[in-house]
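Notes follow once the structure below has been shown.
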Amino acid sequence: MSAERHFQRLMIPLVAGRRQECRDVLEEAMNEGLEVRQVYRSVIWPAMEHVAQMYREDRISLAAEHMAVRISRCLADQLQAKLQRGTENGKRMLLTCAEGEPEELGAQMCADLFEADGWDVYFVGGGVPDDEILELVGRLRPDILMIFGTQPAGVPGVRRLIDLIREVGSNPTMNIMISGGVFNRAEGLWKEVNADLFAPNAGEALKIAATAAPRKPEIRIPGAPKKRRRRRRPPLLAQLEA
């Protein structure tokens, strides 16, 4: 049975809140030969995205969405222990996300999959102040800062955080990757917040991160005056701030 079929089978008990049936679907998937990473990426991840879409379209209630997200997180926790960690690749990631259970779930799954791919991952979750993120960027010096699951109201805050990190310049070769949330639904918005990389899901994030070159820092001549940048808001960002 394909991963797609298992995904379809999972959705019915997932939105109904039937926990044991969901566990049974995943157990059957692995018994039939699906690898843990494939279950993560091709069963639980699309189920999480579909639940979010159904809730946005008012096809399920808030209660159903909450139950589905919490069941998905339990399933991910169980699978995480079975993920085999690959050879360490010497790269480090700092991962933060928007506040909220769905966003924490997606970010947690990204953290698990990057760790399994050999990355050294620091996952701080949501609600962490910008100055503390900045301190971690300077202290841990990650290769990538990943910001996951931003909602529309949080986009200006993402732009402010990126501007702050670039202005301070404590880790100038670090790439900033955006994934999930409103950035998946608004084409090009990730560029408007001055991010370096964008991935719509964990699978693409792994591919892009594996081949991303270190960011080229801006070269400043000592004593030269700083260029004044016009603070014109890009079109999509301006709409979100309106």
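The values are calculated or read from the model by the stated rules, or taken from the named source; none is laboratory data. It should be emphasised that the depicted structure is a prediction, and the values quoted were computed from it without experimental measurement. Here Cβ is always computed from backbone atoms with ideal geometry, including for glycine, and neighbour counts include all displayed protein chains.
With the stretch 32-151 as the region, which strands (runs of 3 or more DSSP E) entirely inside it contain at least 2 residues that are under 30 Å from THR173 (Cβ atoms), under 15 Å from the mean Cα position of the chain (by Cα) and of a type in the set (D, E, K, R)?
On the way: elements: 92-97, 120-125, 144-148.
Output list is empty.
Identify the residue in the stretch 85-114 that is in contact with a strand residue (DSSP E or B) (Cβ under 9 Å, 6 or more places away or on another chain) and of a type in the set (Gly, Ala, Ser) and, among all such residues, is farthest from ILE133 (Cα to Cα).
Top of the filtered list is GLY90.
Residue by residue, here is whether (1) touching a Lys or Arg at 6+ places or on another chain (Cβ under 9 Å); (2) β-branched (Val, Ile, Thr); (3) more than 23 Å from ASP24 (Cβ to Cβ); (4) assigned by TED's automatic domain parsing to the domain that holds ALA16 holds:
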{"residue": "HIS66", "(1), (2), (3), (4)": "no, no, no, yes"}
{"residue": "ARG73", "(1), (2), (3), (4)": "no, no, no, yes"}
{"residue": "GLY100", "(1), (2), (3), (4)": "no, no, yes, no"}
{"residue": "VAL124", "(1), (2), (3), (4)": "no, yes, yes, no"}
{"residue": "MET146", "(1), (2), (3), (4)": "no, no, yes, no"}
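Considering only residues that are modelled with pLDDT under 95 and crowded, with 18+ Cβ neighbours inside 10 Å, look in the stretch 197-223 and name the one that is farthest from THR150 (Cα to Cα).
Here the residue is ALA202.
Using beta carbons and a limit of 9 Å, which pairs, at least six apart or on different chains, have the first residue in the stretch 106-128 and touching a residue at least 40 places away in the same chain (Cβ under 8 Å) and closer than 21 Å to GLY157 by Cβ and the second one of a type in the set (Asp, Glu) and not in a loop (DSSP other than H, G, I, E, B)?
GLY106/GLU49
Mind checking which pairs have a first residue in the stretch 140-154 that is on the phi > 0 side of the Ramachandran plot and a second that is crowded, with 20+ Cβ neighbours inside 10 Å and among the small types (Gly, Ala, Ser), Cβ under 6 Å, 6 or more apart or different chains?
Final answer for the pair search is GLY149/ALA98; GLY149/GLY106; GLY149/GLY180; GLY149/GLY181.
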